Every structure is written in structure tokens, then in C-alpha cells.
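Novice: Pasting a structure here, questions to come.
The values are calculated or read from the model by the stated rules, or taken from the named source; none is laboratory data. Just so we're clear, the structure is a prediction, and the values are computed from it rather than from any experiment. Positions of Cβ are generated from backbone atoms using ideal geometry, with glycine treated the same way; all protein chains shown enter the neighbour counts. Each accessible area value is taken on the protein alone, full model and side chains, heavy atoms only, with ligands, DNA and RNA left out. Shrake-Rupley method; radii C 1.70, N 1.55, O 1.52, S 1.80 Å.
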Amino acid sequence: MKDVNIILGERIKLGRKANNLTREKLAELIDVSTRFLAEVESGKVGVSLQTLKNISASLSTSTDYLLGLNEDKKSNKLEFIYSQLKKIDDKFYPLISKIVAELANIDSRELL
């Protein structure tokens, strides 16, 4: 069985590349050094819970997936959306409410 740090590092690297992020950009987004992120990606070190949360948000994936507990990269979709909405100024609430209502009415088959 693989060490959790190795799984975490592999999945962060895959997620970073899938999101077309350089190591430098992801490190900036999650507030760590590029060197530290390289060590995480190689499985040499683990991360704090806050850093794990930041990585999850930056890569739009669940912490369960990053830790190897779940194979569904997007299992935490609603939590991710909620975390992003919390960052938005309250003055935008009416607009966001309208957008969400419109999205809820779209038939996903129309997008294909």
C-alpha cells in the first residue's frame, strides 16, 4: 500500500498539470514556497490541513481524492462551490442568486 504522502503528491501533480498550472503558480495560490510544493509532489513531506484545504480549492477537487480515500476527483463539488461563494462580497448576492437559478433551469443536454 502506498504512503499517503506519495499518493497526495502524485495527485497534486496530476491536478496541477490538468489545470495548466506551473508549480510556481500553484505554490503562490496555496501560499507555500515552490521548493516546499516540489517536496510535497515528490511525496517527501506532508501538508497541514490548511494547506490541504487550499490545494483542494485551487485544484477544484476533493480532499478525499487528494488523500487517496476516494477516486472521484469532484466528489466535493458542492463544498468547493460553497467555499468559493463565501469569498464573494454580499453585494453580489442578488446577481449570483439569479445566475444559480438560471443554471438550475438549463437542461444539460442542451450543452452537448
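Novice: For region 82-99, name all the residues that are over 18 Å from K53 (Cα atoms) and open to solvent by 80 Å² or more (accessible area, probe 1.4 Å).
Specialist: Passing the criteria: D89, D90, K91, F92, Y93, L95, K98, I99.
Novice: Identify, please: which residue in region 36-58 is part of a helix (DSSP H, G or I) and β-branched (V, I, T) and is, among those, farthest from K87 (Cα to Cα)?
Specialist: Selected residue: V40.
Novice: Starting from region 32-48, take each residue that is within 15 Å of G15 (Cα to Cα) and open to solvent by 40 Å² or more (accessible area, probe 1.4 Å) and list its partners that are of a type outside the set (S, T, N, Q) and modelled with pLDDT of 95 or more, counting only C-beta distances under 8 angstrom and pairs at least six apart or across chains.
Specialist: S42/G9
Novice: Just name the residue that is farthest from E71 (Cα to Cα) out of those in region 1-20 that are in a loop (DSSP other than H, G, I, E, B) and free of Cβ contacts under 8 Å to residues at least 12 places away in the same chain.
Specialist: N20
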